[in-house]
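Note sheet for the following structure.
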Amino acid sequence: MSSDVQWFEKTLGEVTVNHDWKRRPVKESERKKGPYPYYGASGIVDCVDGYIFEGQHLLIAEDGENLQTRQTPIAFMADGKFWVNNHAHIVTGNGEVTIEYLNYFLQNADVQSYLTGAVMPKLTQGNLNRIPVRYPALVYQKAIVRVLASLDRKIDLNRRINQTLEAMAQAIFKSWFVDFDPVKAKIAALQEGRDPLRAAMSAISGKPDADLAALPCEQYKQLAATAALFPDEMEASALGEIPRGWEAGSLSDFACFQNGYAFKAKDWTDLGHPVIKIGNVKPGIIGLSGCSFVAHETVNGLDRFSLKRGDLLVGMTGYVGETGLVPALDSVAYFNQRVGRISTANGMNDIGYPFCLVRNPAYRAYAESKAHGSAQANVSGKDLMDYPLVVPGTGVLNIFNAQAAKIISALLSYHEESQSLAALRDTILPKLLSGELSVTDSPAEAEV
């Protein structure tokens, strides 16, 4: 974008069409589940059986703490058929400014002076319409959006890849250690006079018996060796029928537990070492945005509470049973009291079984069932580690952990790449919107 590009400025109300009058909130108790997204101030809050909007619209938060903290975007796109409650403004463009450009503009806009409400921040429609919007001609708006959207598309692709990778790990875990598919396949084959090894190989690979012979020799041998490790009988246990030779145990048979350090109110500062608190243990991979900090001198002698890439954390208060992996860190970070670390002797090399176990919804349900406290739910580390499970044979466990280690490493790598891309986007966004950076000079332009 050349320096002679003309920029314009109008209020948001002058460049958009507002559709707030169409919004209609529905109480949770009155909603009927269905295929259509139900949007609130920060995104989708439910799925319902009807819709009141169709097509591409821009939603802007009307109220909520996030208007001040900006932990998530205050504006986001909605498309297709959907419902919106009365906590999000909804607009379309009027031809002068695209809503895609306006979406990015609001990510960078300071709306603090337009908020009202001492307790709960609110962006009224009147104040929303007063926000000044600076923009170039449509062709340049589209060029800016193209650059920024290319980064967001890659970030979203990484997110979807991670969802698929974790689903793959969970599918193998469930098949081997919950449903015992290879063992049951052997049992059925023996009863029917078929080859039990080939039956287990089919159960593990998902390939019919007729296709196994077409596998490359080395792959066939590896699959056969894995299948041979599964027993061909079941036996009674405290957990019901489990494969012969396997045992009933608990999470403590695989991992150790450590509670975080009880940092005091006087320890917190604006700069220093980040500390993972309960509020950070929400996503599958721990987010460091919004972390609190402690001074460097505060952490002297607290090395045992420092975190490393691949650590598995679990919430013990509030978000009971919520779990997440620690990504690569820019500096030494620590974890706070009521956040627990589940660790194994060899880190990511043998954390696969515990990781899949605690990431399963059944584990969180168990943790919540063990929680106590009327004001805020709490669970003990002992209860978290007493979760009952099957202890498989060492050979099967080692093979699973080796596969899971690759998946966990990939999960972290894709997440870290997305963090770098998001940082790049957030760096160039204000420069593109101000005209300081030309789209042809943008680092992302070459990727479009």
Could you work out how much longer the chain between Thr116 and Ser306 gets when fully extended? Use 0.36 nm per residue separation minus the Cα distance between them, nm to one decimal. 64.4 nm
Cut-off 16 Å, label point 7 angstrom out along Cα-to-Cβ of Lys207: give me the residues of the range 151-191 whose amide nitrogen falls inside. none
Taking Met201, Met234, Met120 and counting other beta carbon atoms within 10 angstrom, the fewest-first order is Met120, Met234, Met201
Using a cut-off of 16 Å between alpha-carbon atoms, which aspartates and glutamates can reach Lys308, once sequence neighbours fewer than 8 places away in the same chain are excluded? Asp330, Asp350, Glu416
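If we count every other residue with Cβ under 14 angstrom of Glu14's Cβ, Lys/Arg +1 and Asp/Glu -1, where does the sum land?
Working: positive: Lys10, Arg130, Arg134; negative: Glu9, Glu96.
Counting the neighbours of Glu14, the net charge comes to +1.
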Testing the spin-label approximation: label points 7 Å from Cα along Cα→Cβ at Glu65 and Ala423. State their distance in nm. 2.7 nm
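Using the alpha carbons of the chain, what is the convex hull volume per residue in cubic angstrom, as a whole number? Show your work: numbers first, answer last.
Numbers: hull volume 91.4 nm³, N = 448.
Roughly 204 Å³ of hull volume per residue.
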How tilted is helix 196-205 with respect to the longest principal axis of the chain? Cα atoms for both, answer in degrees (0 to 90, nearest 10). 10 degrees
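Counting only DSSP beta bridges with both residues in the chain, tell me the antiparallel percent, nearest 5. Please report the intermediate quantities before stating the final value.
On the way: 50 of 56 bridges.
That works out to approximately 90 percent antiparallel.
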With unit charges on the beta carbons (Lys and Arg positive, Asp and Glu negative) and the dipole taken about the Cα centre of the range 253-390, which residue among Ala365, Ala345, Val294 sits farthest to the positive side? Ala365
Candidate aspartates and glutamates for bridging to Lys122, where Cα separation is under 19 Å - those fewer than 8 sequence places away on the same chain excluded: Asp20, Glu62, Asp63, Glu65, Asp110
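Using only alpha carbon pairs under 8 Å that are at least six residues apart, calculate the relative contact order of the chain and give it in whole percent. Working shown, then result.
On the way: 777 pairs, mean separation 66.6, N = 448.
Rounded, it is 15 percent for the chain.
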For Met234, distant residues with modelled amide H under 5 Å away: Arg244
Rounding to the nearest 10 and keeping the result within 0 to 90°, find how far the Cα-based axis of helix 99-108 lies from the longest principal axis of the chain. 90 degrees
Likely footprinting exposure, Cys356, Cys47, Cys217, fewest C-beta neighbours within 10 Å first: Cys217, Cys47, Cys356
Around Asp110 (Cβ within 14 Å, Cβ-to-Cβ, excluding Asp110; K/R +1, D/E -1) the net charge comes to +3
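Please figure out what share of the DSSP beta bridges in the range 8-136 is antiparallel and state it in percent, rounded to the nearest 5.
Values: 25 of 27 bridges.
Bridges in the range 8-136 that DSSP calls antiparallel: roughly 95 percent.
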Sequence-distant aspartates and glutamates (8 or more away, or on other chains) whose Cα lies within less than 16 Å of Lys32: Asp46, Asp49
Just to check I understand the Karplus step: with θ = phi - 60° and J = 6.51 cos²θ - 1.76 cosθ + 1.60, what whole-Hz values come out for the range 33-49, glycine and proline as x? 4, x, x, 9, x, 10, 9, x, 5, 10, x, 6, 10, 6, 10, 10, 9
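Would you calculate, for the chain, the mean residue ellipticity at 222 nm contributed by helices, counting each DSSP H stretch of 4 or more residues as -39,500 (n - 2.57) and dividing by all residues, to the nearest 500?
Calculated from helices alone, the mean residue ellipticity at 222 nm is -11500 deg cm²/dmol.
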Using a 10 angstrom cutoff on alpha carbons, build the Gaussian network for the chain and name the most mobile of Leu215, Leu67, Leu307. Leu215
A correct Karplus calculation of ³J(HN,Hα) over the range 236-245, with 6.51 cos²θ - 1.76 cosθ + 1.60, θ = phi - 60°, whole Hz and x for Gly and Pro, returns 6, 8, 5, 9, x, 6, 9, x, 4, x
Pairwise centroid distance, computed over Cα atoms, of the range 319-360 with the range 176-247, Å: 31 Å
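Local charge sum around Gly318 (other residues, Cβ-Cβ under 13 Å, Lys/Arg +1, Asp/Glu -1)? Present the calculation step by step, with values, prior to reporting the outcome.
On the way: positive: Lys277, Lys282, Arg338, Arg364; negative: Glu322, Glu368.
Its environment carries a net charge of +2.
Sort Trp83, Trp21, Trp7, Trp246 so the one with the fewest other Cβ atoms within 10 Å of its own Cβ comes first. Walk me through the intermediate numbers first.
On the way: Trp83 25, Trp21 8, Trp7 12, Trp246 22.
Lowest to highest Cβ neighbour count: Trp21, Trp7, Trp246, Trp83.
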Would you mind checking the pairs Lys33/Lys370; Lys184/Lys221; Lys81/Lys282; Lys33/Lys154; Lys22/Lys81 and listing those with alpha carbons more than 23 angstrom apart? Lys33/Lys370; Lys81/Lys282; Lys33/Lys154
Quick check on packing: order 106-112, 387-393 by the mean number of other C-beta atoms within 10 Å, highest mean leading. 387-393, 106-112
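Coordinate-derived values only; no laboratory data. None of these values were measured; they are calculated from a predicted model. Glycine also receives a Cβ, built like all others from the backbone with ideal geometry; neighbour counts cover every protein chain displayed.
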